[in-house]
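Remarks on the structure that follows.
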Amino acid sequence: MHHHLEIVMPPTKNIEGAIRTILAPFDENAKASEEYSRSHAFWDWYVIGGRWSGHKLMAKYDAAKIEEFENWMQQEHITVSSLQAGKQTLQPETQIPKVDAKWNEMFPSEKPVACPLFSHSNDQYGRNGLADLLPDDVALLKDVPASLKCSHIIIAGPGYEDKLGTSFMLIDDAWNGVNFMKTAWDRTVTSAVDQYREQLKNYKDDYKAVRMPQADWLVVTVDYHS
């Protein structure tokens, strides 16, 4: 099953390396060690963006406007493949220019983008690395829409010996040993960050200074499988 994770972390030029470090303790494929017990492992594969690429971009738009675009597709008899793995695939592919043109007409941006609703908008398996991401898949915290939701969030920062690691984590449902149980979190990135900031208030100023999420921190969309 694929899950939508957002990782909030301090600014870095090596985004892929930072994500690897943050997620390493939770790798289901790795063996237990003195450093990692693996008792809380939750992924066996991940990619930055993936099937959730474009979610932060779409969260900026009014839901009624998205519905208007979907209604246009129905009126134009836009068709998709009956096979789906992640995003839907336009079929036949000759529809792509028409759909992309309408998307950019209704949702203009600095540079035209492929319609993020469909699989041609990005490589969902990350074979092209960060070059294939859609706008806002890596965004500044200050630019993240308040409406953005995900099923899992990690807030990272300096941990033991100042090594980058997970400082705070929320998930929309948790395994209690018998069944999955919904949590009280409303799934928004902003409320998770607010909870973490509230928690940090109890710590000393020097500890808070390097761990308190700031406007220029990065928020990275991750697609992981478990």
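The values are calculated or read from the model by the stated rules, or taken from the named source; none is laboratory data. Everything quoted here is computed from the prediction, not taken from an experiment. Neighbour counts are summed over all protein chains in view; Cβ atoms, including those assigned to glycine, are modelled from backbone coordinates with ideal geometry.
Out of 163, 182, I need the residue that is surrounded by fewer than 18 Cβ atoms within 10 Å (Cβ to Cβ) and in contact (Cβ under 8 Å) with a residue 60 or more places away in the chain. Which one?
163
Is there a residue in region 123-140 that is within 27 Å of residue 77 (Cβ to Cβ), in contact with a Leu (Cβ under 8 Å, 6 or more places away or on another chain) and without any contact (Cβ under 8 Å) to a residue 40 or more places away in the chain?
no
For region 117-136, indicate whether the set of residues that are more than 26 Å from residue 14 (Cα to Cα), in a helix (DSSP H, G or I) and not β-branched (Val, Ile, Thr) is non-empty.
Looking through region 117-136, at least one residue is more than 26 Å from residue 14 (Cα to Cα), in a helix (DSSP H, G or I) and not β-branched (Val, Ile, Thr).
Just checking, which of 109, 147, 82 is under 29 Å from residue 216 (Cβ atoms), in a loop (DSSP other than H, G, I, E, B) and not assigned by TED's automatic domain parsing to the domain that holds residue 12?
From the options 109, 147, 82, the qualifying one is 109.
Return the only residue of 121, 151 being polar (S, T, N, Q) and closer than 16 Å to residue 5 by Cα.
151
The rows are residues; the columns are (1) over 21 Å from residue 149 (Cα atoms); (2) among the charged types (D, E, K, R); (3) modelled with pLDDT under 95; (4) in a loop (DSSP other than H, G, I, E, B).
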| residue | (1), (2), (3), (4) |
| --- | --- |
| 5 | no, no, no, no |
| 11 | yes, no, no, yes |
| 18 | yes, no, no, no |
| 22 | no, no, no, no |
| 36 | yes, no, yes, yes |
| 41 | yes, no, yes, yes |
| 64 | no, no, no, no |
| 103 | yes, no, no, no |
| 115 | no, no, no, yes |
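What is the one condition in (1) without any contact (Cβ under 8 Å) to a residue 12 or more places away in the chain; (2) within 14 Å of the chain's Cα centre (by Cα) that residue 108 does not satisfy?
The number of the failed condition is (2).
Would you point out the residue of region 163-189, among those that are assigned to a loop (DSSP other than H, G, I, E, B) and touching a helix residue (DSSP H, G or I) at 6+ places or on another chain (Cβ under 8 Å), that is modelled with the lowest pLDDT?
Among them, the one singled out is 163.
Out of the residues in region 150-160 that are in contact (Cβ under 8 Å) with a residue 40 or more places away in the chain and part of a loop (DSSP other than H, G, I, E, B), state the one that is surrounded by the fewest Cβ atoms within 10 Å (Cβ to Cβ).
In this case the residue turns out to be 151.
Taking the options 60, 102, 98, 31, name whichever one is of a type in the set (D, E, K, R) and within 23 Å of the chain's Cα centre (by Cα).
The unique qualifying residue is 60.
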